[in-house]
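The values are calculated or read from the model by the stated rules, or taken from the named source; none is laboratory data. Note that the coordinates shown come from a computational prediction; the quantities given were computed from them, not determined experimentally. With ideal geometry, Cβ positions are generated from the backbone for all residues, glycine too; neighbour counts draw on all protein chains shown. Just so you know, the surface numbers come from the protein's heavy atoms only, side chains and all, with ligands and any DNA or RNA stripped out. Shrake-Rupley method; radii C 1.70, N 1.55, O 1.52, S 1.80 Å.
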4 protein chains.
Amino acid sequence: MNITLDQAEKIITSAKERAASIDTKMNIAVVDAGANLLAFARMDGAWLGSLDISIKKAKTARFFDMDTGAIGELSQPGGSLYNIEHSNRGLITFPGGIPVKNSSGEIIGAIGVSGSSVENDHDVATAGANAL
Amino acid sequence: MNITLDQAEKIITSAKERAASIDTKMNIAVVDAGANLLAFARMDGAWLGSLDISIKKAKTARFFDMDTGAIGELSQPGGSLYNIEHSNRGLITFPGGIPVKNSSGEIIGAIGVSGSSVENDHDVATAGANAL
Amino acid sequence: MNITLDQAEKIITSAKERAASIDTKMNIAVVDAGANLLAFARMDGAWLGSLDISIKKAKTARFFDMDTGAIGELSQPGGSLYNIEHSNRGLITFPGGIPVKNSSGEIIGAIGVSGSSVENDHDVATAGANAL
Amino acid sequence: MNITLDQAEKIITSAKERAASIDTKMNIAVVDAGANLLAFARMDGAWLGSLDISIKKAKTARFFDMDTGAIGELSQPGGSLYNIEHSNRGLITFPGGIPVKNSSGEIIGAIGVSGSSVENDHDVATAGANAL
């Protein structure tokens, strides 16, 4: 099972609405089951540096089928995955990346959001992932 | 002057409609005036390898404010810009990338399309660029 | 709004003067609103390794529209942005990068300075940013 | 012997004046004897994609102590240096890069110019190199 562009656009629309409702400007990326970029939108005035971070969050979430923040807890100094961020041409392991599931609970892609605090990024990513 | 996300989404919608009407599946990228990705969509079943090509076409068109195919004519063996593709972390210099202008004729970004013949790619990019 | 080359050269001149007055040798980079290099100068005898750092500081400051040191406080082990430096082909998150604003307070680019202690780097970057 | 920042700034000033006098907008880079960037200026409205090209031209000219165009003649298909552009993280081998010599004829750095036809690029680079 793989995510469709139609689904990805629904996700981005929901994420944009949530971002606007909490007064943030986000970069929003959706990757497919192969961790390749499927759809992307950068809201007007959003941080330029969050472009790459949103894509890396989405890829990271699909690479390991878990929220990016969960990996970040393990990649701290002394942690079991210390400096895993060096792999895959750069991971981002703080919150804002979430796997996307279909109605059967299968992971079909992932969303990555960046542009505000990690709490807001995660909030908006959750709104996007829940759009399906 | 810089392109807005709303304008970029209009461009992608028009490009997708044109792609569907000529029975092709495209990767469509829009960059802003700074040549940074603003919006992207990969149609279901489109070539994966065209993801990067579409983004590089959009960037190339904005980097030099001209259609990508015009650069390709000059970058052939013996041409004045031979092997210019080695710059800027990789250019794509065959057709499919077109600058996007506002109603005043100012370049505000660019579109890159990849997924079919270069003629079709250019055709779809043109439809996108003309959406504004 | 985007910074002009004339403005960038005023910034570099002021930064060089401040650097000389505190007996340091600096690499000084200015990027535009799109985070692309606009002007650069490396003072005679300045560290070679600071060339790349000064450019990355300027880009980082524009990527997130804040002083680089503010990001570094959040990217420490256990911090909310831990290892953000892996994004955007490499960030530099210690002091020395500052957004540049026009007289209306709009961010139009950024300056990055490297070549001495981070306190001196920040001091010289501030002198540059205040030249406008 | 190595070029100084003062010399590099004289070179850039002369190149900018020549560029303006022939109605072009250039990216102008100067590297030192170690082929590392020493000074850079992008004229307002100059092509963004020429930023990287101007730096690569300057580096290429110093890497081999000859005009970039001379290398390009040898790097054509069937030529003795075919595809040398793949080395050194990307060379640019069409005209616009020229070694810079001191009054004793020693090579102390190089200039790279990009933003117009290769003939204009070479013309402006020559004006810059002759400023010393």
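Select from B:SER75, B:SER116, B:SER87 the residue whose mean-square fluctuation is largest in a Gaussian network model of chain B (Cα-Cα springs shorter than 10 Å). Result for chain B, Cα springs under 10 Å: B:SER87 fluctuates most.
The distance linking the stretch A:24-79 with the stretch C:61-79 is 18 Å (Cα centroid to Cα centroid, whole angstrom).
Once the Kirkwood radius over Cα pairs is known for the stretch C:12-132, the Stokes-Einstein relation at 20 °C and 1.002 mPa s delivers a diffusion coefficient of 156 µm²/s. Rounded to the nearest 500, the 222 nm mean residue ellipticity of chain B from helices alone is -12500 deg cm²/dmol, with -39,500 (n - 2.57) taken per DSSP H run of at least 4 residues.
Label separation (C:SER117 vs A:ASP44): 4.6 nm, computed from points 7 Å beyond Cα along the C-beta direction. Take the accessible area of D alone and of B alone, subtract that of the pair with a 1.4 Å probe, and the total buried over both chains is about 1400 Å².
Is there a quick way to get the dipole size of the stretch D:5-129? I mean about its Cα centre, with the Cβ of Lys and Arg at +1 and of Asp and Glu at -1; what is the value in debye to the nearest 20? Mind showing how you got there, number by number?
Working: 11 positive and 15 negative charges, 47 e Å.
Dipole size: approximately 220 debye.
Once both labels are positioned 7 Å from their Cα atoms along Cα-to-Cβ, the gap between A:ARG89 and C:ASN130 label points is 4.3 nm.
Solvent-accessible surface of the protein assembly as shown, averaged per residue with a 1.4 angstrom probe and all protein chains in place: 39 square angstrom. Percent of accessible area on the stretch C:5-129 owned by carbon and sulfur, 1.4 Å probe? Answer for the stretch C:5-129: carbon and sulfur cover 51 percent of the accessible area. Between D:ILE22 and C:ASP65, the distance separating the two model label sites (each 7 Å from Cα on the Cα→Cβ line) works out to 4.1 nm.
What does the structure give for D:40-47 when I average, per residue, the other chain Cβ atoms found within 10 Å of the residue Cβ? Could you put the intermediate results ahead of the total?
Values: counts 10, 10, 9, 3, 9, 3, 2, 5.
The per-residue average across the peptide is 6.
Taking springs between alpha-carbon atoms closer than 10 angstrom, which of D:GLY96, D:GLY49, D:GLY105 fluctuates most in the Gaussian network model of chain D? Maximum fluctuation in the GNM of chain D, among the listed residues, is at D:GLY105. Using the Karplus relation 6.51 cos²θ - 1.76 cosθ + 1.60 with θ = phi - 60°, the per-residue 3J(HN,Hα) values for the stretch D:81-88 come to 10, 3, 6, 4, 4, 6, 7, 6 Hz, with x marking Gly and Pro. Length gained on full extension, C:GLN76 to C:GLU106: 7.9 nm, using 0.36 nm per residue less the C-alpha separation. Averaged over the residues of C:3-12, the number of partner chain Cβ atoms lying within 10 Å of the residue Cβ comes to 3. Comparing the full protein assembly with the isolated chain, the residues of the stretch B:64-78 losing at least 30 square angstrom of accessible surface (1.4 Å probe) are B:PHE64.
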